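*Asks:* Can you keep this structure in mind? I'll have questions shortly.
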Amino acid sequence: CQPLTASSAGKGVTLCCTGGFCSAKMAPAPRLPPVLVLLLLLTAVVGPCAGAGGAGRVDLWPMPGSVTRGAQTLHVSRELKLSTAGSNYSDGRGILKDAFARMVSVVVMDHVINGSYQGAPVLAGVNVVVRSPDDKLNFGVDESYKLSVPATGNPLYAQIEAQTVYGALHALETFSQLCNFDFNARLIELHSAPWTILDTPRFPYRGLLIDTARHYLPVPVIKSVIDSMTYSKLNILHWHIVDEQSFPLEIPSYPKLWNGAYSYTERYTMDDAIDIVQYAEKRGVNVLAEIDVPGHALSWGVGYPSLWPSTTCKEPLDVSNDFTFKLIDGILSDFSKVFKFKFVHLGGDEVNTSCWTTTPRIKSWLIQHGMNESDAYRYFVLRAQKIAISHGYDIINWEETFNNFGDKLDRKTVVHNWLGTGVAEKVVAAGLRCIVSNQDKWYLDHLDATWEGFYMNEPLTNIYNPEQQKLVLGGEVCAWGEHIDASDIQQTIWPRAAAAAERLWTPITKVAKDTRSVTPRLARFRCLLNQRGVAAAPLAGYGRSAPSEPDSCLRQ
């Protein structure tokens, strides 16, 4: 126990910490106001200890499925070792080795570790047992793990068991959150051992959309977003690459397409795309590529003007021109060599078909084929779907396609809900799969959407049939780029995306029933993101808010 002397208001208060639990004892005089006592207790409980919070709280994000712990404090060796004894995984691509090095880096956080190991057992390393030798990142890959940190042993090793290397990556992230730097001892400590954590995701699809068409995002920025996703176990980067404003991606089959980029320098080569995909895959993140057709494609015509209905009416893409579909085939052929994820996103939302009826030659084509505007919209979407399927993809389309002609969609279609609530239950009742991103709760560019709303948004609302529940693959938070670029993307995403991430990872029985009980834990995670170099905004206020006044990170 030590006197709390950080301020004159704290005189007479003694802070006592044992095994990761802290409490404040007050001398009979002077008497402190109750509010100040509460503030001092909050600071004591959430400040010093990682992983093990005060008053029985476990400070992990997202909350694992099952957690037990003890009361022993361990020192973590400054030469922490990775062991793979008993593992069937050879780590030929260095996925596990590199992940371990990254884990150690975020635990140390550039502190100088030069203290003396005295008075506590020393954790010498982590033994990782991966049962499967396969490291192909298929959709629905087993991401479960068991993490055990014993309190005794010689040598003392934490143990990770996982079916795949990607479960082991999640376990390493959880382990990192159990550790903290002790500023007095100048060592890394791990409180509340022994730990036993059993964990598996609730949904296989836990996504984040970034938009490089409204504002270009440099490759290092995209990589930093991928790194930050892993901290809350998000696993799908939805890359909305192109839109009406710009076409920044090189397409070798049609090299003039990226003439639609904002500038010569705001582009991605195919090698850049390969680099991003491989970078993400090594971190357990799949990249979902999107081309949004037939609307949202004005920029395509900069390089190939024949895609426009006319020079005065440039969107949607010309439905009557076979070249339109030949070009889509070329794009998806090139995609199939780079974007290996099971799905491709074909958009299909917000299609204003008036250009088709006001352009005489397209109107004549419609009449010749016995189509009205709605028929042509359906024809375009279904033809694009067939092209994607021919390249081995399952398709994701925005919900307008289902709302307009759901019974005609290919059965490989995943419907992406965004307009509002009530759609997912209709989609799964029709036997199709669904991803939830309802804009009122899970659009990050809606700065008036609070983290509390992100946390409480339930993808399975009004879906009670277990077989239909399985058709909801998960959800995605969307950072549309009209007002987001490299300068503000991270504080727009975090910490609100983390609130949704727990909803998508944690068993529903462990998800908090109200946000008040989860606030201290999310506040700590937000501070952890800041410590790791991620510019996560304060919890208080709306999205992307600045701190309102000087104070601890934990109370912002």
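The values are calculated or read from the model by the stated rules, or taken from the named source; none is laboratory data. Only a predicted model underlies this, so the values are computations on that prediction, with no experimental measurement involved. Please note: Cβ atoms are built from the backbone with ideal geometry, for glycine as well, and neighbour counts cover all protein chains shown. Note: areas computed on protein heavy atoms with side chains; ligands, DNA, RNA excluded. Shrake-Rupley method; radii C 1.70, N 1.55, O 1.52, S 1.80 Å.
*Asks:* Rounded to the nearest whole Å², what accessible area per residue is found for the stretch 497-556 with the 1.4 Å probe?
*Replies:* 43
*Asks:* With r defined as the distance between the Cβ atoms of Gln118 and Ser263 and R0 fixed at 60 Å, what FRET efficiency is calculated, to the nearest 0.05?
*Replies:* 0.50
*Asks:* Check the straight Cα-Cα distances from Lys233 and name the aspartates and glutamates below 15 Å, setting aside those fewer than 8 residues away within the same chain.
*Replies:* Once the sequence-local aspartates and glutamates are set aside, what remains near Lys233 is Asp142, Glu143, Glu173, Asp199, Glu281, Glu476, Glu502.
*Asks:* Against the longest alpha carbon principal axis of the chain, how many degrees, from 0 to 90 and to the nearest 10, is the axis of helix 373-390 turned?
*Replies:* Roughly 60 degrees, rounded to the nearest 10.
*Asks:* What is the sum of charges around Asn235, taking Lys and Arg as +1, Asp and Glu as -1, for the other residues whose C-beta is under 15 Å from the C-beta of Asn235?
*Replies:* Residues near Asn235 contribute 0 overall.
*Asks:* Counting only helical runs of four or more DSSP H residues, what would the 222 nm mean residue ellipticity of the chain come to if each run contributes -39,500 (n - 2.57) and the total is spread over all its residues?
*Replies:* So the helix-based figure for the chain works out to -9000 deg cm²/dmol.
*Asks:* On a straight-distance basis, which lysines could pair with Lys326 in a cross-link, Cα separation under 18 angstrom, same-chain partners fewer than 8 positions away excluded?
*Replies:* Excluding near neighbours in sequence, the set is Lys256, Lys337, Lys386.
*Asks:* Can you tell me the relative contact order of the stretch 136-207? Whole percent, Cα pairs under 8 Å, sequence separation 6 or more.
*Replies:* 39
*Asks:* Suppose all protein chains stay in the model; what accessible area per residue would a 1.4 Å probe give for the stretch 340-423, in Å²?
*Replies:* 44
*Asks:* Within the accessible area of the chain, what % is carbon and sulfur when the probe is 1.4 Å and the other protein chains stay in place?
*Replies:* Its accessible area is 53 percent carbon and sulfur atoms.
*Asks:* Here's another thing I want to ask about it. Suppose R0 equals 22 Å. What FRET efficiency, 1/(1 + (r/R0)^6) with r the Cβ-Cβ distance, do Thr68 and Ile508 give to the nearest 0.05?
*Replies:* It comes to 0.60.
*Asks:* Can you give the accessible area of Arg78 in Å² (nearest 10), computed on protein heavy atoms with a 1.4 Å probe?
*Replies:* Counting only protein heavy atoms, the figure is 110 Å².
*Asks:* Do you know the relative contact order of the stretch 360-491, to the nearest whole percent, from alpha carbon pairs under 8 angstrom that are 6+ apart?
*Replies:* RCO, the stretch 360-491: 18 percent.
*Asks:* Can you pull the accessible area of Thr164 for me, 1.4 Å probe, Å² to the nearest 10?
*Replies:* Taking all protein chains as shown, Thr164 has close to 10 Å².
*Asks:* Please report, in cubic angstrom per residue, the volume enclosed by the convex hull of the alpha-carbon atoms of the stretch 97-226.
*Replies:* So the per-residue Cα hull volume is 149 Å³.
*Asks:* If R0 is 51 Å, what FRET efficiency do you get for Thr312 and Thr152 from their C-beta distance, rounded to 0.05?
*Replies:* Once the sixth-power term is evaluated, E becomes 0.05.
*Asks:* Sticking with this structure for a sec: Nearest 20 debye, what's the magnitude of the dipole of the chain about its Cα centre given +1 on Lys and Arg Cβ and -1 on Asp and Glu Cβ?
*Replies:* It comes to approximately 1600 debye.
*Asks:* Defining a contact as two alpha carbons under 8 Å apart and six or more residues distant in sequence, what relative contact order in percent does the chain show?
*Replies:* Once divided by the residue count of the chain, the mean separation gives 13 percent.
*Asks:* Where the centroid of each part is defined by its Cα atoms, how far is the stretch 515-556 from the stretch 247-302 in Å?
*Replies:* The distance from the Cα centre of the stretch 515-556 to that of the stretch 247-302 comes to 33 Å.
*Asks:* I've got another one for you. Let me know the shape class of the chain, please: from the alpha-carbon gyration tensor, a ≥ b ≥ c as square roots of the eigenvalues, rounded when a/c is under 1.5, otherwise prolate if a/b is greater than b/c, or oblate.
*Replies:* Note, shape of the chain comes out prolate.
*Asks:* Placing +1 at every Lys and Arg Cβ and -1 at every Asp and Glu Cβ, with all other atoms neutral, what dipole size does the stretch 77-147 have around its Cα centre, in debye to the nearest 20?
*Replies:* 120
*Asks:* If one computes the Cα centroid of the stretch 115-176 and of the stretch 418-455, what distance in Å separates the two points?
*Replies:* Centre-to-centre distance over Cα atoms comes out at 34 Å.
*Asks:* So, one more: Please list 271-277, 312-318 highest first by mean number of surrounding beta-carbon atoms within 10 Å per residue.
*Replies:* Top of the packing list down: 312-318, 271-277.
*Asks:* A follow-up question, please. Full extension from Asp110 to Asn88: what is 0.36 nm times the residue separation minus their Cα-Cα distance, to one decimal in nm?
*Replies:* 4.6 nm
*Asks:* Lys/Arg Cβ at +1, Asp/Glu Cβ at -1, dipole of the chain taken about the Cα centre: which of Asn465, Ile188, His483 is farthest positive-ward?
*Replies:* It is Ile188, whose Cα lies furthest towards the positive end.
*Asks:* Tell me, what is the per residue accessible area of the stretch 67-137 in Å², probe radius 1.4 Å?
*Replies:* 51
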